[in-house]
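Student: Attaching a single structure in structure tokens format; questions to follow.
The values are calculated or read from the model by the stated rules, or taken from the named source; none is laboratory data. Worth saying up front: this structure is predicted, and the values here are computed from it rather than measured. Note that each Cβ is placed from the backbone with ideal geometry, even for glycine, and that neighbours are counted across all protein chains shown. Surface accessibility is based on the protein's heavy atoms, side chains included, excluding ligands, DNA and RNA. Shrake-Rupley method; radii C 1.70, N 1.55, O 1.52, S 1.80 Å.
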Amino acid sequence: MAVTKMFGASVKRREDARMMTGRAHYTDDVRRNHTLHMGVVRSPHAHARITSVDTSAAASMPGVVAVFSGADLVDDIAPVPCAWLIPDSDLKVPEYRAIAVDKARFVGDAVAVVIAEDRYQAEDAADAVNVSYEPLDVVTNQEEAVKDGAPQLYDDVPNNLAFQWKLNGGDFDAAQNSAEVKISQRFVNQRLIPNAMEARGVLADFNPGSGSLEVWLTSQNPHIHRLLLSAVTGIPETDIRVDSTDVGGGFGSKIPLYGGEMVACAIAKKLGRPIKWMESRRENYVTTSHGRDHIDYVDLAATNDGVVTGLRVEAYANHGAYLSTAAPGVPTWLFGTMLSGPYKIPNISCTVNGVLTNTTTTDAYRGAGRPEATYLIERMMDLLAQELGMDPVEIRRKNFIQPDEFPYTVATTLQYDSGNYDGALDKALQMVGYEDLRKKQEQLRSEGRYLGIGFSTYVEVCGLAPSAAAGAMGFQGGLWESATVRVHPSGKATVFTGASPHGQGEETTFAQLISHETGIPFHDIEVVHSDTDRIPFGWGTYGSRSTAVGGSALVYAARNVVEKAKRFAAHMLESSPEDIEFNDGVFSVKGSPERSKTIQDVALAAHLAWDLPEGEKPGLEENYFFDPTNFTFPFGTHICVVEIDAETGAVDVQKYVAVDDLGNVINPMIVDGQVHGGIAQGLAQALYEYAAYDDGGQLLTGSMMDYCVPKFEHIPHMDVDRTVTTTPVNPMGLKGAGETGTIASTPAVVNAIIDALSPLGVKHIDMPLTSQRVWKVIEERKGS
């Protein structure tokens, strides 16, 4: 693809060639001699005391090498860790074992494992393990779980309340008491299943001779997994290698450390042979962390002319049977701090109740806390507009933070970096043809048809860091990022990043960044990531941080390479460094452009080291650790247009417009793809997806036959565009793009449906707004 400048060019993703031709090397593609396979025996009960585990029949089956119950491995594996210990919340982290010892607490909880020569033997033998259970009472709903008399999951977590977190800014009670308009609404932000293309898996190979452990793992953060595996197995961190080079998507579900990974590593050490475990899609549905699952009670205070003066939220967050790696931080710091949205709301109060239930754990899922916050504030803005008879556009403009007010500190303590919310809204209105749409809506309503226009004017927090903020929030780690840029004697470059791409395209965009900074051709730059033996320590990819933080580390490392190369070039050209200009890979003397050296010339000279400048060392390589001073805050406007079939309740998304402001953009084509995928996932939550449990804790949506992942025909055409408001937080002026579409789209779709049904007096329908739910509401309203 011919381009003149790398930064801002729509270069095709270089990783796609191996992905699309089957040459990627995923965890299940890794082969080691003498590998054994692990099958997991899982509880069919959501809550039960384990009275006995009889492994004798399984142990005698062909190919079976060993069978382990939870009691057999208590001394080999520490409990599953929780790495986000939110302060000042009376946090209780119950002991949770990778293999249950005394009680099973959700359907799918591991109760034993079988090790065999192949996967089929392991799974067959797992079926032969005879576990006796004493079923116990079950609770799956978080509001029911905190009531007196509810079934208790743990003796040391009264009322199943793992924590109660509060955040207050201003005085909501005073705002409520003086409010001219008061609106209250209960929202359900339903449980979702991430559905990454590649299910989770691990191959652990322990070398008894060296004491080292090699682990191929489906991870979004290999160094965090290495650190946690060291903690739970007792193997020194320096003796563990984690390789997650090719990972088939994650959406947050591959951030946590899970029991299966811990068990495989411990047994590999115990038996001295490689252990592989790849979960089935059924296992993925019942054991890989789910997302969302909030019940939110929201109160809004406002004036008669539509100025919002206060917001109060009481949230019940369902964490499932135990606290996963990052779980406590998702519905608290990533949710409560974003409740102001793009609006000037001076008084905000938030209480989050973290609840344990007999369900699969929840943790980060694309957006992680931000979609839940955006959903409720954008729904409340529409409810306020409906109450006052105002246009939803007008109500938003009236409350926007203005461009000249940045940096702006919201009531929830965050300082927004930059923004022009009216600019993105104006562009989206122009693209959708808003005035004509309202006229069309009026005409169709006169014909008894239901056309709706929904808005989401959102802001999100990205570039998760800085480390000091992470520490204050209770995250048990730093959030800086690391990079190494190495220019070889030939002038080609290898860059090493602590970020861990798994679908974001950063093998391409990071090469673009380095090419832009150094002038080295794009195709001469290798990007190495996700292998802890090759890369510097890094904190991984989540929270739209990999480019904003990891990319910044690369840029600074590259700039340091150029500065060193400039000193070499000055020596070679018999000039001073101050007189050297650098442009597009060429060093030249000011005023004498014919006196020049390419960066390739300099790289060779630096490695030969025949004639070094005074004080310089050979080679051309630099490291950098970047810890930003703040988060970044992308924003934008999404507009959804729907028509509803009154006879069936079917929702037809006729038009979808997205104008996002992500700051500067490295690769527009990749960003468009990120936005498209995000919108598809957010629309899926609004209309289709829902992880449902029955009263006995059985997952009713346990496969794609029952859990509705949208197909191609369910996704509308999307008109995407951007405005550009740069951030001062990083050297590229970019903000992050990975979660934008998911955060913005869900409320836009729901608001459009409620707008369509507003002539019937409909104010709210809980998600997902399936055709059945919409049809029932229409019939009820017609009847009344």
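Student: Quick check, is Asp205 touching an Asp or Glu at 6+ places or on another chain (Cβ under 8 Å) and modelled with pLDDT of 95 or more?
Tutor: The answer is yes for Asp205.
Student: Out of the residues in region 703-724 that are touching a Phe, Trp or Tyr at 6+ places or on another chain (Cβ under 8 Å) and among the hydroxyl-bearing types (Ser, Thr, Tyr), which is most open to solvent (accessible area, probe 1.4 Å)?
Tutor: Here the answer is Ser703.
Student: A further question follows. One residue is enough: does region 360-379 have a residue meeting the conditions farther than 23 Å from Leu167 by Cα, within 24 Å of the chain's Cα centre (by Cα) and open to solvent by less than 10 Å² (accessible area, probe 1.4 Å)?
Tutor: Yes; the residues of region 360-379 include at least one that is farther than 23 Å from Leu167 by Cα, within 24 Å of the chain's Cα centre (by Cα) and open to solvent by less than 10 Å² (accessible area, probe 1.4 Å).
Student: For Ala605, only one of the following conditions fails: (1) within 29 Å of Glu435 (Cβ to Cβ); (2) open to solvent by 10 Å² or more (accessible area, probe 1.4 Å). What is its number?
Tutor: Among (1) within 29 Å of Glu435 (Cβ to Cβ); (2) open to solvent by 10 Å² or more (accessible area, probe 1.4 Å), the lone unmet condition for Ala605 is (1).
The rows are residues; the columns are (1) modelled with pLDDT under 95; (2) outside any loop (DSSP other than H, G, I, E, B); (3) closer than 22 Å to Phe187 by Cβ; (4) in the same structural domain as Leu757 (by TED's automatic domain parsing).
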site	(1), (2), (3), (4)
Lys655	no, yes, no, yes
Asp660	no, yes, no, yes
Val671	no, yes, no, yes
Gly677	no, yes, no, yes
Ala691	no, no, yes, yes
Gly702	no, no, no, yes
Cys708	no, no, yes, yes
Thr727	no, no, no, yes
Asn730	no, no, no, yes
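Student: Counting only residues that are of a type in the set (Phe, Trp, Tyr) and not in a strand (DSSP E or B), which one in region 278-322 is nearest to the chain's Cα centre (by Cα)?
Tutor: Within region 278-322, the match that is nearest to the chain's Cα centre (by Cα) is Tyr285.
Student: Could you count how many residues in region 200-221 are out of contact with any strand residue (DSSP E or B) (no Cβ under 6 Å at 6 or more places or on another chain) and buried (at least 24 other Cβ atoms within 10 Å of the Cβ)?
Tutor: 4
Student: Follow-up question, since we're still on this one. Can you tell me which residues in region 592-601 are open to solvent by less than 80 Å² (accessible area, probe 1.4 Å) and over 25 Å from Ile535 (Cα atoms)?
Tutor: Passing the criteria: Ser592, Ser596, Lys597, Thr598, Asp601.
Student: Another question about this same structure. Out of Thr245, Thr233, Thr218, Thr238, I need the residue that is at pLDDT below 95 and not assigned by TED's automatic domain parsing to the domain that holds Gly738. Which one?
Tutor: On inspection, the qualifying residue turns out to be Thr245.
Student: Kindly state which helices (runs of 4 or more DSSP H) lie completely within region 95-204 and contain at least 3 residues that are over 24 Å from Thr357 (Cα atoms).
Tutor: Correct list: 119-128, 172-178.
Student: Would region 531-541 turn up any residue that is within 27 Å of Phe582 (Cβ to Cβ), among the acidic types (Asp, Glu) and out of contact with any Cys (no Cβ under 9 Å at 6 or more places or on another chain)?
Tutor: no
Student: Also, I was wondering about something else. Please note which strands (runs of 3 or more DSSP E) are completely contained in region 489-603 and include at least 2 residues that are more than 23 Å from Ser10 (Cβ to Cβ) and in the same structural domain as Leu620 (by TED's automatic domain parsing).
Tutor: 493-497, 580-583, 586-589, 592-598
Student: Also, quick follow-up: Which residue is least open to solvent (accessible area, probe 1.4 Å), if the candidates are limited to region 446-479 and must be assigned to a helix (DSSP H, G or I) and not aliphatic (A, V, I, L, M)?
Tutor: For region 446-479, the residue satisfying everything is Ser467.
Student: Just need a number here: residues in region 30-87 that are outside any loop (DSSP other than H, G, I, E, B) and open to solvent by 30 Å² or more (accessible area, probe 1.4 Å).
Tutor: 13
Student: Identify all residues within region 2-36 that are more than 24 Å from Phe522 (Cα to Cα) and in contact with a Phe, Trp or Tyr (Cβ under 7 Å, 6 or more places away or on another chain); write none if there are none.
Tutor: Thr27, Val30
Student: Any idea which of (1) touching a helix residue (DSSP H, G or I) at 6+ places or on another chain (Cβ under 8 Å); (2) open to solvent by less than 10 Å² (accessible area, probe 1.4 Å) is the one Gly260 doesn't satisfy?
Tutor: (2)
Student: Turning to a different aspect of this structure: Only one of (1) under 32 Å from the mean Cα position of the chain (by Cα); (2) among the β-branched types (Val, Ile, Thr); (3) farther than 30 Å from Gln152 by Cβ; (4) modelled with pLDDT of 95 or more is not met by Val114, so which one is it?
Tutor: (1)
Student: Oh, and also: Quick one: is Lys398 modelled with pLDDT of 95 or more, surrounded by fewer than 24 Cβ atoms within 10 Å (Cβ to Cβ) and either polar (S, T, N, Q) or under 27 Å from the mean Cα position of the chain (by Cα) (or both)?
Tutor: No.
Student: From the list Thr547, Thr637, Thr629, exactly one residue is under 24 Å from Ala511 (Cβ atoms) and either open to solvent by 70 Å² or more (accessible area, probe 1.4 Å) or touching a residue at least 12 places away in the same chain (Cβ under 8 Å) (or both). Which is it?
Tutor: Residue meeting the stated conditions: Thr547.
Student: Right, here's the next one. List every residue pair whose Cβ atoms sit under 7 Å apart, with the two residues 6 or more apart in sequence or on different chains, where the first one lies in region 243-260 and is touching a residue at least 12 places away in the same chain (Cβ under 8 Å) and part of a loop (DSSP other than H, G, I, E, B) and the second, anywhere, is buried (at least 24 other Cβ atoms within 10 Å of the Cβ) and β-branched (Val, Ile, Thr).
Tutor: Once the first residue is touching a residue at least 12 places away in the same chain (Cβ under 8 Å) and part of a loop (DSSP other than H, G, I, E, B) and sits in region 243-260, its partners that are buried (at least 24 other Cβ atoms within 10 Å of the Cβ) and β-branched (Val, Ile, Thr) give Ser244/Thr218; Val247/Thr218; Ser253/Thr288; Lys254/Thr218; Lys254/Val247; Ile255/Thr325; Pro256/Thr325; Leu257/Thr325.
Student: Can you go through Ser280, Ser324, Ser230 and tell me which one is buried (at least 23 other Cβ atoms within 10 Å of the Cβ) and polar (S, T, N, Q)?
Tutor: Going through Ser280, Ser324, Ser230 in turn, the sole match is Ser324.
Student: Would it be correct to say that Gly673 is touching a residue at least 12 places away in the same chain (Cβ under 8 Å), touching a Gly at 6+ places or on another chain (Cβ under 7 Å), under 30 Å from Gln512 (Cβ atoms) and surrounded by fewer than 22 Cβ atoms within 10 Å (Cβ to Cβ)?
Tutor: no
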